[in-house]
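Structure first, then comments.
The values are calculated or read from the model by the stated rules, or taken from the named source; none is laboratory data. Please read all numbers here as calculations on a predicted model, not as lab measurements. No Cβ is skipped: glycine too gets one built from the backbone with ideal geometry, and neighbour counts run over all protein chains shown. Keep in mind that these areas ignore ligands, DNA and RNA; they rest on the heavy atoms of the full protein, side chains included. Shrake-Rupley method; radii C 1.70, N 1.55, O 1.52, S 1.80 Å.
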Amino acid sequence: TYENDKVRIKNVTAGGPAWKSGEIKDGDYIVKVAQAEGEPEDIVGYSTDEAVKLIRGAEGTNVKIWVEKPDGTVKMVSLIRQELKLDETFARSVI
């Protein structure tokens, strides 16, 4: 969602790379994105759609995401992109 000029993570999908990292939580804000070894791009003020375009990419490639936690700290999380399969059985077993 878009809130206070920032993209806010409404919920992390179980089984996805962000969820597996354990470092990105519901309510975090995405403030920067970088492709593999590229320079981080500040996305404050970007729409949700614009931010998603930067985050998505070819499966198996690396994306770095800087998240701002509710307490104001900022953390960089490196993720390997993968196809997100919405498997109800998997999600139920996690919950």
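Under the condition of being farther than 15 Å from Lys6 by Cα, basic (Lys, Arg) and in contact with a strand residue (DSSP E or B) (Cβ under 8 Å, 6 or more places away or on another chain), the residues counted in the stretch 26-72 number 1.
Picking from residues in the stretch 63-95 that are hydroxyl-bearing (Ser, Thr, Tyr) and more than 24 Å from Glu41 (Cβ to Cβ), the one that is modelled with the highest pLDDT is Ser93. From Glu59, Glu41, Glu50, which residue is out of contact with any Gly (no Cβ under 6 Å at 6 or more places or on another chain) and loosely packed, with under 11 Cβ neighbours inside 10 Å? Answer to the check: Glu59. Name every residue in the stretch 1-31 that is touching a residue at least 40 places away in the same chain (Cβ under 8 Å) and open to solvent by 50 Å² or more (accessible area, probe 1.4 Å), in order of residue number. Thr1, Tyr2, Asp5, Thr13, Glu23, Lys25 - these are the residues of the stretch 1-31 that are touching a residue at least 40 places away in the same chain (Cβ under 8 Å) and open to solvent by 50 Å² or more (accessible area, probe 1.4 Å).
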